[in-house]
Amino acid sequence: MNKVETISDCYKAKNDLAIKNQQNIGYFNVFKLYPNIVNGARHTPFRRRDYFKITLVEKVQKFHFTDNVNKYSLVFSNPHIPYSWEQKDQVFNGYFCIFNQAFFRQFRHLNQYSAFQPTGNHIFELSREQYENVSDIFIRMSDELNSDYVYKYDLLRTMVYEMVHFALKIRPTLISVKQPINAAKRISELFLELLESQFPVDEHQSGLQFRTASDFADKLNVHVNHLNRIIKEATQKTTTQVITERILQESKFLLKQNEWSVSKIAFVLGFSEVTHFNNFFKKNTGTTPLKFRKG
């Protein structure tokens, strides 16, 4: 098992943490959090990640998408749940594992479980006995990962599901009376973060991954009508307007600050034809991309 001294160190070494076999099964790894004492609170801001994470922690932690969690807790996060946490000035222990959806390519999508959904419960407080039970799963994960067993990845997937179902069978203790409001706010924030995560565009990019309200709704695992209502309440604009304005903003930047051709800009922004981009730009600005560039 790899030794990671602090939570911050864990976040820095993402590329060193992933394990990928020759059959392209995806990424998986497991780590132990060792006792650590810090002077004052230590804050690690949330960042975009491309992996799912399950964390088991002991002692006091503060997660910024919810309230304080005392003693023992099991925490689930996915690439589009923004979160941050503070490490308090107390000794703590724990484990965490990271993996991507490709590791479960032929299995049930992880976002179908409420623990990984934006509006679901992500933190489960545990008793000492429950903490020991989950610790045992992490220890078995580590032993299996380091073994030569040919089907070890199947066992690791099974153990991930074991933890998910273990948590979902526990009645969550962190239930807020304002949960519907918080849930709507969180979805709005996730939408805006997901939108912004696509920029700036790369010259080798073949288009934006999310361009329509339905694209975002599918990724956030909510109904498109529900997403539209939330975005309208939060921004006083339709979801399509928010997306359009952000693409238009990027278009203007590329036209003024970049030497790419109009056709290349259209391509990286996901327009199948340069004429479609020209029509989009003129409809929203009253001028063509070339005139805007020269102006």
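Results, tabulated for the structure shown:
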{"item": "Simple spin-label estimate for SER127 and GLU196 in nanometres, 7 Å along Cα-Cβ", "result": "4.3 nm"}
{"item": "Linear extension gain, GLU245 paired with TYR151, 0.36 nm per residue minus alpha-carbon span", "result": "29.0 nm"}
{"item": "Stretch gain in nm, segment ASN258-ARG229, where the contour uses 0.36 nm per residue and the Cα spacing is subtracted", "result": "6.8 nm"}
{"item": "Mean Cβ count within 10 Å, highest first, over the residues of peptides 184-194, 144-154", "result": "184-194, 144-154"}
{"item": "Distance violations [Cα-Cα > 23 Å] among LYS185/LYS237; LYS59/LYS152; LYS219/LYS252; LYS252/LYS283", "result": "LYS59/LYS152; LYS219/LYS252"}
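Quick note: the coordinates plus some simple rules give every number you see, no bench work behind them. In this text, all values refer to a predicted model and were calculated from it rather than measured experimentally. Virtual Cβ from ideal backbone geometry, glycine too; neighbours counted across all protein chains shown.
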